[in-house]
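Notes follow the structure.
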Amino acid sequence: MTFELTIWDWGVIAFYFAFIVGIGFLFRRVNRNSSDYFRGGGNMLWWMAGMSAIISGISTWSFTGAAAKVYDSGFLLPLAWFLGTLIQIPVLWYMAPRFRQMRVVTSVEAICRRFGFGTEQFYTYLVLPMGLFWGGIGLNTVAVFMSAALNIDMTISLIGLGVIVTVMAMAGGQWAVAASDFVQGVMLFLIVSVVIFATLRLPEIGGLANMFAALPERQTDFTYTGRLAIIWLWLITMQISTLFYTLNMQGEGAKYLLVKNGRQARGMIVMRFVLSAIIPLMILMQLPALCAAVVFPSMAEVFPNLKIPEEGAFVAMAFYTLPQGLIGLLICGMFAASMSSMDTALNRNAGFFVRNIYIKYLNRRASEENQVRVGKVFTGIFGGLVILIGLMFDSLRDINLFDIFLLLNSMVLVPTVVPVALGVVIKKTPSWSGWSTVLVGVAVGAIAKGFYSPERFARVMGYLQPLTDQEIIDSRFVFISLAVIACSSVWFLVTRLFYERSGKAHRESVDAFFTDMSTPIDPRRERIEDQDAMQYRLVSLICLGFGGFVLLGVFIPNALFGRLAFLYVGGVMVGIGVVLAWVGRRAGRSGPPSMGDVSSRDEGPSRPN
């Protein structure tokens, strides 16, 4: 089997990259202040912000690191995702409006309101480098895919992709990122559905009804690569971690700062419920990786140059099933999946620098125009740093992306999540409870990693046989994660004993923060400009433009299936563009009058912002 792109594939890719950069310039004039640039003015509609949030949870890692896990162990990971969704939906139905009602521009500003200036600065200097680091890993994951799919050097792939994302984020800010996420998310789901359909119709698979019989035993038997007790511990730990990440005001909560009010935030949750529970999207997207184990029993023979050959499982199935031109469109979809993780490292982290460092230390009188200008400069600087981190990460890693993510999550991310998750449901803690909990968690993580050994874990579990390689990875993740979560949570709760000794200013700030979170947003009183028609109009133009180009693919010399696939993807995108344009015209006629030059920044009932 060869992996070569045709001239039609290269043409689709070239148009796509030019189109993405153009989106940034399309939204350039919408950014009139720092709130517009860093969070879309807190004025987005549910469907745009919701798709951006969903695609950020997918990322290219879903088609590389996660695909490798699914190729090796089957339905275990999709089951963990589905159970996590059942936990997230009811929690977010309550919390999403409250996250939006924090009334801040950046999530670190919410940390300041909850814990005070010291914890805000602690998180700023912690989250900024971590965001760049995770952005580098996210860029590396998409570069892994691209280098395998395009058969080009990993370094060239990584640098080229990083530059394109940086230019788009610099030009258009959060508006451009969210709009591109919506269009690319739709396109990604459509083209992946074509891959799924083409995979299931292969004679080796025999359709969905016969797929389970065709799959190897390791993919349907959860105990094939590990003992049941360790698997259950892994699943439980994943769900506990999911609960903390769902409550996280700095991570999950930041997604809801984009929308205009609590009702729109709940619209995002309905969208997530439909695409994650009613239509189990994350499970369906892994069907090609599952079936790759049937078609390609040895991925090392397919991708001899990849460090972890199994990470190319989805790529292999795409090349095996899709006609010319559609491969290029799929590669565009994979690139789309990386945009949101890059946004975290670029636009959002530039917001942290400007709002939490620049205007507090370097230029207290900075105008809104100056903040936007500095934000663009540092978006570019952070883009360069992310590229460097991605290059260094690729040269150092020797285990697969999935296991790296789990290890780093348990040791680094979990300690930072615990206080900002518990802090939105537990009110009476002193200002130092935030940063001290992080330090306790990091220390416990380091101690737990040093204390863990496969032999000791096997003795505790009563196993006579040594742990397998996969059991070692899973049990280490379970041991470190549970130790960090338990000790950090206990410490945070103990700090409540010192709340009454906190200063009056801290107690008043916390009271105001929780009051704002429970107070619905009044767009008129808080002087939020109506921008609904603008969103419908610009996103409809993007859908019509890109969908129209995809429709031209029906003229590529393919068999009937290939032509129908282009008609399906392009037709649906054009149809969505027509609907958005129609709704936008109605919104323009019936919406409230424009508020002219009034700033779109919120002014909360307790604290202007």
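Observations, loosely collected:
- Between the listed residues W232, L258, A292, the Cα displaced farthest toward the positive end of the dipole of region 219-295, a dipole computed from Cβ unit charges relative to the Cα centre, is found at L258.
- Carbon + sulfur, % of accessible area of the chain - ligands and nucleic acids excluded, 1.4 Å: 66
- Span from the region 473-545 Cα centroid across to the region 415-459 one, whole angstrom: 19
- Centre-to-centre, using Cα atoms only, region 561-584 and region 204-269 are separated by 30 Å.
- Report note on the peptides 82-95, 477-490: ranked by the mean count of other C-beta atoms within 10 Å, highest first, their order is 477-490, 82-95.
- The order of the peptides 321-328, 205-212, 188-195, 559-566 by mean Cβ neighbours within 10 Å, most packed first, is 321-328, 188-195, 559-566, 205-212.
- Relative contact order [Cα under 8 Å, 6+ residues apart], the chain, whole percent: 26
- The residue among M102, V550, F27 whose Cα reaches farthest toward the positive pole of the charge dipole of the chain, with charges on the beta-carbon of Lys, Arg, Asp and Glu, is M102.
- Applying 1/(1 + (r/R0)^6) with R0 = 30 Å to the Cβ-Cβ distance of K427 and W232 gives a FRET efficiency near 0.30.
- Backbone N within region 93-114 under 16 Å of label point (7 Å from R525 Cα along the Cβ vector): 101-103
- Dipole of the chain, positive direction: furthest Cα of T155, F17, Y499, with charges on the beta-carbon: Y499
- Helix content alone sets the calculated 222 nm mean residue ellipticity of the chain: runs of n ≥ 4 DSSP H residues at -39500 (n - 2.57) each, divided across all residues, give -22500 deg cm²/dmol.
- Computed over every Cα-Cα pair of region 499-594 and binned at 10 Å starting from 0, the pair-distance distribution P(r) comes out as 15, 23, 18, 16, 13, 10, 4, 1 percent.
- Paramagnetic label zone (point 7 Å from Cα along Cα-to-C-beta, L560; backbone N under 19 Å) in region 199-218: 199-203
- Oblate is the label for region 47-162, because a/c, from the alpha-carbon gyration tensor with a ≥ b ≥ c as root eigenvalues, is 1.5 or above and a/b does not exceed b/c.
- Accessible area of the chain divided out per residue, in Å², using a probe of 1.4 angstrom: 38
- Relative packing of 299-310, 449-460, which averages over residues the other C-beta atoms within 10 Å, highest first: 299-310, 449-460
- Largest to smallest in accessible area, the residues L362, L45 fall in the order L362, L45 (1.4 Å probe, all protein chains included).
- Simple Cβ-charge dipole of the chain, Lys/Arg +1 and Asp/Glu -1, about Cα centre, in debye nearest 20: 2200
- Region 1-82 - charge dipole about Cα centre, Lys and Arg +1 at Cβ, Asp and Glu -1, debye rounded to 20: 480
The values are calculated or read from the model by the stated rules, or taken from the named source; none is laboratory data. Computed from a predicted model, the values in this text were never measured in an experiment. Note that we place each Cβ from the backbone using ideal geometry, even for glycine, and neighbour counts take in every protein chain shown. The area values use the complete protein model at the heavy-atom level, side chains included, leaving out ligands, DNA and RNA. Shrake-Rupley method; radii C 1.70, N 1.55, O 1.52, S 1.80 Å.
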